[in-house]
Amino acid sequence: MANRKYIPVQKLEGLASRQAHCDLPEGTFERELGKEGFFGPATHMYHAHPPTGWIAWDGPLKPRAFDLARINEAQASPFDAPVVLKNASVKLRFWRAPAAMDHLARNADGDELLFVHAGEGELFCDYGHLSFAAGDYIVLPRSTMWRIESRSPVAALLIECTNGSYTLPDRGIVGAHAVFDPAVLDTPSLDQAFRDQQDEREWRVRVKRRDAISTVTYPFNPLDAVGWKGDLAPVRLNVKDIRPLMSHRYHVPPSAHTTFVGERFVVCTFAPRPFEQDPGALKVPFFHNNDDYDEVLFYHAGDFFSRDNIHPGMLTFHPCGFTHGPHPKALGGAFTPKKPATDEYAVMIDTRDALEVGEGMAAVENTAYVNSWMTPAKAAAE
Ligand SMILES: [Fe+2]
């Protein structure tokens, strides 16, 4: 992503800070115009008005918010869970899992990333047994057979890397052990729980390929491995094991929080961290247009400091093409936060190609979301 060619320009015009996100000219609002997901060429522009000070919106580009917590119906199969957003390289579903799956799932369309939003339980797969709990990411390599048993009601965001594989991001100058050490990744075990679930009953495997389901029936439980070796396996990572990169003098960009890299998209995690301390450093996300990427944010837990009227289980979608940034309430704390640290956990998915909204999402959409950047006086006048 970072090595693409572009026309080099380096210029400072008019009144501008020489250091992004710090020491803004008095009374100005900074906007970053960035290519390649803020890895490419960028300009920091200093405006007299907040760049989200719109008074009207028309047309399909507007920012969207969906309250996935209002999806109440459980689906026996992860493949029947409603699609939230999709394009050719990624598909997001929100799944309320049953108490126990009565079949095995096998996604032949790509690696599956489960983000467990609520609940806990046991995952059984080709490779063995793995317990899971809220805040866990589980990467299931393409075509892994798996099922779960819930100990408490499970809700999960499923992020399919269509036709591709997940990898870890390049850690660059901070080295391999920053953010999280690869040694904290857990893999399934061929333990007693795995042996106990084996039986000679009839088992169905639902295989998804090109979004069509085929069912293969065995006269025994095919999760019957007695051993394995290799460098391919599911991995589990809990958000509490992520130690976010930060600087006390600089608001680091979201790319510093990249957790998994798909193909033509990335998955980032926002985890609790102290606010910047330098008096001149911006404390909230800067206004920006992420000019090559659509942005999705799923709110898992905590108080979302840069957004108003957002609660856990909500998902926002900011398509590429317009400027956005902190909500008016958060903007008041841009340089003087009201608390010493954030306590939010959120999952961000940034996609290189345009996303489509799933058919069922209209039922859980907050259509007033686009108005949430208006000041209270303007919003009341609506
Ligand atoms: Fe954004």
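Given the criteria modelled with pLDDT under 95, outside any helix (DSSP H, G or I) and either among the acidic types (Asp, Glu) or within 18 Å of the chain's Cα centre (by Cα) (or both), does VAL284 qualify? Answer is no for this residue.
Taking the stretch 292-306, which residues are surrounded by 20 or more Cβ atoms within 10 Å (Cβ to Cβ) and touching a residue at least 60 places away in the same chain (Cβ under 8 Å)?
Going residue by residue through the stretch 292-306, those that are surrounded by 20 or more Cβ atoms within 10 Å (Cβ to Cβ) are 293-300, 304-306.
Matches in the stretch 292-306: TYR293, ASP294, VAL296, PHE298, HIS300.
No other residue among ASP292, ASP350 is within 14 Å of the ligand (Cβ to nearest atom), within 16 Å of ARG31 (Cα to Cα) and in contact with a helix residue (DSSP H, G or I) (Cβ under 7 Å, 6 or more places away or on another chain) apart from ASP292. Note down all Cβ pairs under 8 Å where the first residue falls in the stretch 65-91 and is over 20 Å from LEU355 (Cα atoms), the second is of a type in the set (Val, Ile, Thr) and crowded, with 16+ Cβ neighbours inside 10 Å, and they're at least six residues apart or on different chains. Every condition considered, the pairs that remain are ARG70/VAL364; ILE71/VAL364. Take the conditions modelled with pLDDT of 95 or more and out of contact with any Gly (no Cβ under 9 Å at 6 or more places or on another chain) and apply them to LEU140. Does it pass? Considered against the rule, which asks whether it is modelled with pLDDT of 95 or more and out of contact with any Gly (no Cβ under 9 Å at 6 or more places or on another chain), LEU140 comes out as yes.
If the condition is being closer than 27 Å to ASP23 by Cα, surrounded by fewer than 21 Cβ atoms within 10 Å (Cβ to Cβ) and acidic (Asp, Glu), then the stretch 258-291 contributes ASP278, ASP291. Kindly evaluate GLY37 against the criterion of being surrounded by fewer than 16 Cβ atoms within 10 Å (Cβ to Cβ), within 30 Å of GLY280 (Cβ to Cβ) and touching a residue at least 40 places away in the same chain (Cβ under 8 Å). For GLY37, the condition - surrounded by fewer than 16 Cβ atoms within 10 Å (Cβ to Cβ), within 30 Å of GLY280 (Cβ to Cβ) and touching a residue at least 40 places away in the same chain (Cβ under 8 Å) - is not met.
Restricted to the stretch 245-269, and to residues there that are closer than 26 Å to PRO188 by Cα and touching a His at 6+ places or on another chain (Cβ under 7 Å), the residue that is nearest to the ligand (Cβ to nearest atom) is CYS268. Assessment of the stretch 214-233 against the conditions (within 16 Å of the ligand (Cβ to nearest atom) and in contact (Cβ under 8 Å) with a residue 40 or more places away in the chain) yields no matching residue. The conditions of being more than 28 Å from ASP186 (Cβ to Cβ), of a type in the set (A, V, I, L, M, F, W, C) and within 16 Å of the ligand (Cβ to nearest atom) are met by PHE286.
Can you say whether THR367 is within 15 Å of the ligand (Cβ to nearest atom), more than 21 Å from CYS22 (Cβ to Cβ) and of a type outside the set (D, E, K, R), as far as the supplied structure shows? Working first, answer last.
Working: within 15 Å of the ligand (Cβ to nearest atom): no; more than 21 Å from CYS22 (Cβ to Cβ): yes; of a type outside the set (D, E, K, R): yes.
No; evaluated as a whole, the condition is false for this residue.
Taking the criterion of being touching a strand residue (DSSP E or B) at 6+ places or on another chain (Cβ under 6 Å), aliphatic (A, V, I, L, M) and farther than 22 Å from LEU157 by Cβ, the only residue of the stretch 254-295 that qualifies is ALA281. A Cβ distance below 6 Å, combined with a sequence gap of six or more or placement on separate chains, defines the contacts here; from the stretch 244-263, residues that are under 18 Å from PHE286 (Cα atoms) and part of a helix (DSSP H, G or I) reach residues that are within 16 Å of the ligand (Cβ to nearest atom) and among the polar types (S, T, N, Q) in the pairs HIS257/THR269. Taken together, the residues in the stretch 293-311 that are in a loop (DSSP other than H, G, I, E, B) and modelled with pLDDT of 95 or more amount to 1. Set side by side, the residues PHE132, PHE29, PHE124, PHE79 differ, and just one is touching a His at 6+ places or on another chain (Cβ under 6 Å) and more than 17 Å from ILE349 (Cβ to Cβ), which is PHE29.
Give the number of residues within the stretch 315-339 that are within 12 Å of the ligand (Cβ to nearest atom) and surrounded by fewer than 17 Cβ atoms within 10 Å (Cβ to Cβ). Summing the residues that are within 12 Å of the ligand (Cβ to nearest atom) and surrounded by fewer than 17 Cβ atoms within 10 Å (Cβ to Cβ) in the stretch 315-339 gives 2.
Listed residues ALA88, ALA176, ALA156, ALA118; which is under 22 Å from the mean Cα position of the chain (by Cα), part of a strand (DSSP E or B), surrounded by fewer than 22 Cβ atoms within 10 Å (Cβ to Cβ) and not aromatic (Phe, Trp, Tyr)? From the options ALA88, ALA176, ALA156, ALA118, the qualifying one is ALA118.
The values are calculated or read from the model by the stated rules, or taken from the named source; none is laboratory data. Everything numeric in this text was worked out from a predicted model, so none of it was measured. All Cβ positions, even for glycine, are placed from backbone atoms using ideal geometry, and neighbour counts span all protein chains on display.
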